[in-house]
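The values are calculated or read from the model by the stated rules, or taken from the named source; none is laboratory data. Because the structure is a prediction, the values reported are computed rather than measured. When we count neighbours, we look across all protein chains shown, and the Cβ atoms used for this are built from the backbone with ideal geometry, even at glycine. Areas reflect the complete protein model, heavy atoms only, side chains present, ligands, DNA and RNA absent. Shrake-Rupley method; radii C 1.70, N 1.55, O 1.52, S 1.80 Å.
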Amino acid sequence: MPRKFTPYLFVLPLIAFIVVFTYIPILTSLNLSVREWDFLSPDKPFVGFENYRLLLDSHEFWNSLRVTAIFAFVSVPIRLVLALLIASFLVRETLSARILRGALFLPFVTSTVSIAVIFSWVFSTDYGMANALLRAIGGEKVPWLQDPAIALWVLILVNTWKQLGYDVIIYIAGLQAISNELYDAAAVDGGGRLHVFRRVTVPLVMPTTYFLLVISVIEAFQIFTIVNVMTHGGPAGATDMLVNMLYRTGFTLFDIGKGSALAVLLFAILITLAWIKARVIGRKVHYEA
Amino acid sequence: MKPDNPLVTGLALVAGLIFLSPALYSIWMSFQAADAFYAGKLKFTLDNYALAIGQYHFARYLLNSIIVSGLVTVIGITLSTMAAYAFARYEFPGGNFLFGAVIATLMIPSHISLIPNYLTLAKVDLLDTYAGLILPAISNGFAAFFLRQYIRGIPRALDEAAYMDGARPWQVLWRVIVPIAKPAILSMGLYVFITEWNNYIWPLVAVGKEDLYTLQIGLARLYRLNPGEGGIDWPLVMAASTITILPVLIGFVLIERHLVRGITMGAVK
């Protein structure tokens with residue numbers, strides 16, 4: 001029979017990795033965020049909340065927060081509405097539904113760097129697919145990634161293209177859990193297709209919607225790869241998301257104190273979002289059988 | 001599966017192709033000679049691949065990606081399975097607390113550990129090594145959580161029978177639990193592999209030596225640093241991009257069902 005210390009031996013390796021690479025780093029970030037350091041100098045003088053004050057006083061931080069918030073709160077709802085509509089068509093077990101599910105899901109498992117590179121070509125001014133299509137219908141060339149008013153929307157489009165399939169797959173799983181009897185009952189009551197969708201489907205997949213909403217917003221706040229490859233945060237800071245600013249502050253400018261303060265703020269924002277989710281979900285979502 | 005109206009199937013196929021057209025076109029482009037491509041002509045060639053693999057070392061990057069993702073998957077899934085087994089089968093002091101600590105990592109944004117992990121690995125001289133790429137990616141709270149749920153669904157009577165026969169706990173795990181949980185372990189393994197394959201920010205900060213670039217880093221650098229004549233050599237970049245996508249694409253086509261099941265189980269349960 002198992003001895004008393006057996007379970008500890010089984011969990012210890014995983015716990016050790018989590019402690020070293022997740023929990024201690026939180027403390028390290030907190031500590032570094034109240035110091036001034038450039039990676040090299042031998043001492044790290046304590047500066048109190050100076051790094052936070054500098055951040056909160058800077059245009060750079062507020063711009064970055066604004067851009068990230070637009071990215072998250074615009075792209076996620078669009079994606080979820082699209083995904084639910086598509087999922088309600090693709091939930092059937094037919095060959096055509098299967099083909100489309102596969103096509104939609106492929107970008108999700110494709111390398112983000114590849115996707116970013118491919119769409120850098122699609123939206124490149126001189127040789128890109130987007131401008132070729134525009135020219136074909138008689139339009140003018142658009143400098144998609146060089147225009148501060150447009151670049152963020154291009155990134156939203158690219159991220160939607162990448163993530164849509166995941167949302168669809170999750171919605172399909174949610175829809176499959178709704179019993180057919182409910183649909184039959186709604187049909188007997190004489191509801192049209194739209195009516196059934198609004199009155200039966202939408203409320204019943206609410207738990208799935210909340211799940212997707214929360215993880216998508218949290219993921220959107222951490223977007224980095226497509227920004228780093230496609231725009232570097234430019235033009236003129238128009239796509240300078242929080243993690244891109246964090247990367248620049250820490251690993252290009254070597255301002256470890258300010259970078260750590262930014263990491264702590266990002267952490268605080270995401271924990272707050274997660275907390276709101278726990279409150280909202282705890283209260284509203286329990287239609288499940 | 002119902003085969004439906006051929007017209008509907010045809011339309012679905014067309015819609016799928018349009019959706020994927022940027023990616024499909026990039027693969028097509030990778031087989032075009034650059035000069036012909038810019039002149040608007042067609043000329044098939046494998047030169048872009050030869051160039052990517054030879055002059056730009058993409059064979060090396062491919063090998064690095066396989067080593068790093070492979071080891072992260074094998075070590076990570078092993079540790080997660082061990083922990084999941086203990087959390088599923090034992091009541092022990094501190095067990096709930098430790099499980100809570102594992103679950104909580106799902107809520108913690110990985111970027112808060114970016115600078116600290118860089119410093120930790122610098123201190124033990126592991127930046128610019130395979131170990132430096134692999135170690136911070138090993139622990140996976142989601143895999144541990146998911147596997148624990150799965151193992152709880154396996155009847156305890158099977159464990160008891162094995163104990164009667166004189167098995168030790170690790171034998172029960174290896175001979176009883178792992179074979180039954182194999183589908184879940186494979187789904188999770190695949191998920192971890194793809195996630196690590198596509199990891200970008202950590203290799204970007206942890207590696208400066210070109211010998212250790214993964215495909216993602218190599219591709220991003222090639223795109224940024226290699227202008228062709230009068231601009232970027234798109235066909236070459238697309239050949240490199242195709243090399244980066246292909247292994248995961250092949251894996252996806254082979255085992256789509258496993259992957260989709262793994263991802264949805266985690267979300268809906």
The residue from A:148, A:42, A:77, A:107 that alone is assigned to a loop (DSSP other than H, G, I, E, B), at pLDDT 90 or above and not hydrophobic (A, V, I, L, M, F, W, C) is A:148
Residue A:66 passes all but one of the listed conditions (1) more than 19 Å from residue A:156 (Cα to Cα); (2) free of Cβ contacts under 8 Å to residues at least 60 places away in the same chain; (3) in a helix (DSSP H, G or I); the exception is number (1)
Note: among A:68, A:110, A:22, just one is over 29 Å from residue A:172 (Cβ atoms), of a type in the set (Val, Ile, Thr) and in contact with a Leu (Cβ under 8 Å, 6 or more places away or on another chain), namely A:68
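Quick check on residue A:89: is it aromatic (Phe, Trp, Tyr), open to solvent by 60 Å² or more (accessible area, probe 1.4 Å) and either in a helix (DSSP H, G or I) or without any contact (Cβ under 8 Å) to a residue 60 or more places away in the chain (or both)? Steps first, please.
On the way: aromatic (Phe, Trp, Tyr): yes; open to solvent by 60 Å² or more (accessible area, probe 1.4 Å): yes; either in a helix (DSSP H, G or I) or without any contact (Cβ under 8 Å) to a residue 60 or more places away in the chain (or both): yes.
Criteria met by residue A:89.
The rows are residues; the columns are (1) open to solvent by 20 Å² or more (accessible area, probe 1.4 Å); (2) within 22 Å of residue A:101 (Cβ to Cβ); (3) in contact (Cβ under 8 Å) with a residue 24 or more places away in the chain; (4) of a type in the set (Ser, Thr, Tyr).
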position	(1), (2), (3), (4)
A:161	yes, yes, yes, no
A:168	no, yes, yes, no
A:172	no, yes, yes, no
A:177	yes, yes, yes, no
A:181	yes, no, no, no
A:194	yes, no, no, no
A:197	yes, yes, yes, no
A:206	yes, no, yes, no
| query | Would you call residue A:113 surrounded by 22 or more Cβ atoms within 10 Å (Cβ to Cβ), more than 14 Å from chain B (Cβ to nearest Cβ) and at pLDDT 95 or above? | reply | no
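Just name the residue that is least open to solvent (accessible area, probe 1.4 Å) out of those in the range B:5-57 that are of a type in the set (S, T, N, Q), part of a loop (DSSP other than H, G, I, E, B) and within 15 Å of residue B:242 (Cβ to Cβ).
Start the filter on the range B:5-57 by keeping residues that are of a type in the set (S, T, N, Q), which leaves B:5, B:9, B:21, B:26, B:30, B:32, B:45, B:48, B:55.
Subsequent filtering for residues that are part of a loop (DSSP other than H, G, I, E, B) retains B:5, B:30, B:45, B:55.
If we keep only those that are within 15 Å of residue B:242 (Cβ to Cβ) too, we end up with B:30, B:45.
Values: B:30: 0, B:45: 24 Å².
Among them, the one singled out is B:30.
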| Are any of the residues in the range A:95-114 farther than 18 Å from residue A:231 by Cβ, among the aromatic types (Phe, Trp, Tyr) and more than 23 Å from the chain's Cα centre (by Cα)? | no
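So which of B:118, B:61 ends up being more than 29 Å from residue B:171 (Cα to Cα), under 21 Å from the mean Cα position of the chain (by Cα) and in a helix (DSSP H, G or I)?
Values: B:118 fails: under 21 Å from the mean Cα position of the chain (by Cα).
Just a single option satisfies the conditions, and that option is B:61.
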Taking the range B:104-149 and keeping only residues that are among the aliphatic types (A, V, I, L, M), over 28 Å from residue B:212 (Cβ atoms), more than 7 Å from chain A (Cβ to nearest Cβ) and open to solvent by 50 Å² or more (accessible area, probe 1.4 Å), one is left with B:106
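Considering each residue of the range A:219-250, count those that are facing chain B (nearest Cβ under 8 Å) and either among the basic types (Lys, Arg) or open to solvent by 30 Å² or more (accessible area, probe 1.4 Å) (or both), and give that number. Outline the logic, then answer.
Residues of the range A:219-250 facing chain B (nearest Cβ under 8 Å): A:221-222, A:224-225, A:228-229, A:243, A:246-247, A:250.
After this cut, where a residue has to be either among the basic types (Lys, Arg) or open to solvent by 30 Å² or more (accessible area, probe 1.4 Å) (or both) as well, the list is A:222, A:247.
Going through the range A:219-250 one residue at a time, the tally reaches 2.
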The correct count of residues that are at the interface with chain B (Cβ under 9 Å from one of its Cβ atoms) and open to solvent by less than 60 Å² (accessible area, probe 1.4 Å) in the range A:21-44 is 8
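Answer with yes or no whether residue B:62 is in contact (Cβ under 8 Å) with a residue 24 or more places away in the chain and more than 9 Å from chain A (Cβ to nearest Cβ).
Details: in contact (Cβ under 8 Å) with a residue 24 or more places away in the chain: yes; more than 9 Å from chain A (Cβ to nearest Cβ): yes.
Yes: the conditions hold for residue B:62.
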